Amino acid sequence: MADLAELEARIRHLEDIEAIKRLKHKYFRCLDSKLWDEMAECFAEDATTDYADGKLKFQGVEAIMRFLKEAMNRATLLTIHQAHHPEIELTSDTTAKGVWEFYDYLIDVQANASIRGAAFIHEEYVKQKGEWKIKSTGYTRIFEEVWDRGEAKSLNLTAARRFPWLE
């Protein structure tokens, strides 16, 4: 039977993994909702990114957020990003790494085009002042497809979230 110290350590381990999962969910919620200040809280100050199979590399939360705002901050760009099946490993009391299956779908209303893709996200995390932050993130695509939405005659966008602050 486990003693109290062992049980406390196991609970702390599970709480840390759950906190990392919540961090990743917050990251995507903020990205799709275009909540940039809240999203910046997800990153360590010296975070790095390696998006799009290494084509989009950024160093530091300021550079990362500048890129995301420039790329995604349009009322005519609707997105959904999802991460599933996390494999999270605590590597110390304050560090961890993880792999996620990733799916994204983007609708560019202005260009009448869509992108859909899937990837594996590889991340490192660091616990700072009791909170988990993304230290590095990047993905390798499994597939990506792009199409002209105008070519599908029956395809109609029947609902879309408005972002009043972008209009």
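Looking at segment 128-146, is at least one residue buried (at least 17 other Cβ atoms within 10 Å of the Cβ), among the small types (Gly, Ala, Ser) and within 16 Å of the chain's Cα centre (by Cα)?
yes
Is one or more of the residues making up segment 132-144 closer than 27 Å to Asp16 by Cβ, among the charged types (D, E, K, R) and free of Cβ contacts under 8 Å to residues at least 24 places away in the same chain?
So far as segment 132-144 goes, no, none of its residues is closer than 27 Å to Asp16 by Cβ, among the charged types (D, E, K, R) and free of Cβ contacts under 8 Å to residues at least 24 places away in the same chain.
Answer yes or no as to whether Gly150 is outside any strand (DSSP E or B) and either among the charged types (D, E, K, R) or over 17 Å from Ile80 (Cβ atoms) (or both).
Yes; evaluated as a whole, the condition is true for this residue.
Which number in (1) hydrophobic (A, V, I, L, M, F, W, C); (2) within 16 Å of Val126 (Cβ to Cβ); (3) out of contact with any helix residue (DSSP H, G or I) (no Cβ under 6 Å at 6 or more places or on another chain) marks the one condition that Phe43 misses?
With respect to (1) hydrophobic (A, V, I, L, M, F, W, C); (2) within 16 Å of Val126 (Cβ to Cβ); (3) out of contact with any helix residue (DSSP H, G or I) (no Cβ under 6 Å at 6 or more places or on another chain), Phe43 is out only on (3).
Kindly provide the set of residues from segment 96-112 that are among the charged types (D, E, K, R), within 13 Å of the chain's Cα centre (by Cα) and within 19 Å of Lys127 (Cβ to Cβ), ordered by number.
Hits for segment 96-112: nothing passes.
Report yes if some residue within segment 57-66 is of a type in the set (Gly, Ala, Ser) and modelled with pLDDT of 95 or more; otherwise report no.
yes
Is there a residue in segment 157-164 that is surrounded by 13 or more Cβ atoms within 10 Å (Cβ to Cβ), small (Gly, Ala, Ser), in contact with a Leu (Cβ under 8 Å, 6 or more places away or on another chain) and more than 23 Å from Ala44 (Cβ to Cβ)?
No, the conditions are met nowhere in segment 157-164.
Give me the pairs, please: first residue somewhere in segment 106-131 and more than 21 Å from Asp32 (Cβ to Cβ), second residue anywhere and acidic (Asp, Glu), beta-carbon distance under 8 Å, and either six or more positions apart or on two chains.
Lys127/Asp16; Lys127/Asp93
Given the conditions (1) surrounded by 15 or more Cβ atoms within 10 Å (Cβ to Cβ); (2) within 23 Å of Arg161 (Cβ to Cβ), and given that Gly150 satisfies all but one, which numbered condition is not satisfied?
All conditions are met except number (1).
Could you look through segment 56-91, keep only residues that are small (Gly, Ala, Ser) and touching a Lys or Arg at 6+ places or on another chain (Cβ under 9 Å), and pick out the one that is nearest to Ala44 (Cα to Cα)?
The extreme case among them is Ala83.
Condition check: within 18 Å of Gln128 (Cα to Cα) and either without any contact (Cβ under 8 Å) to a residue 60 or more places away in the chain or in contact with a Ser or Thr (Cβ under 7 Å, 6 or more places away or on another chain) (or both). Does Ala47 satisfy that?
yes
Return yes or no: is Tyr139 assigned to a strand (DSSP E or B) and touching a Gly at 6+ places or on another chain (Cβ under 8 Å)?
When the stated conditions are applied, Tyr139 does not pass them.
Which of the residues belonging to segment 50-73 are closer than 14 Å to Cys30 by Cα and touching a residue at least 40 places away in the same chain (Cβ under 8 Å)?
Met72, Asn73
The values are calculated or read from the model by the stated rules, or taken from the named source; none is laboratory data. Treat the numbers as computed from the prediction; the structure is a model and nothing was measured. All Cβ positions, glycine included, derive from the backbone under ideal geometry; neighbour counts span all protein chains shown.
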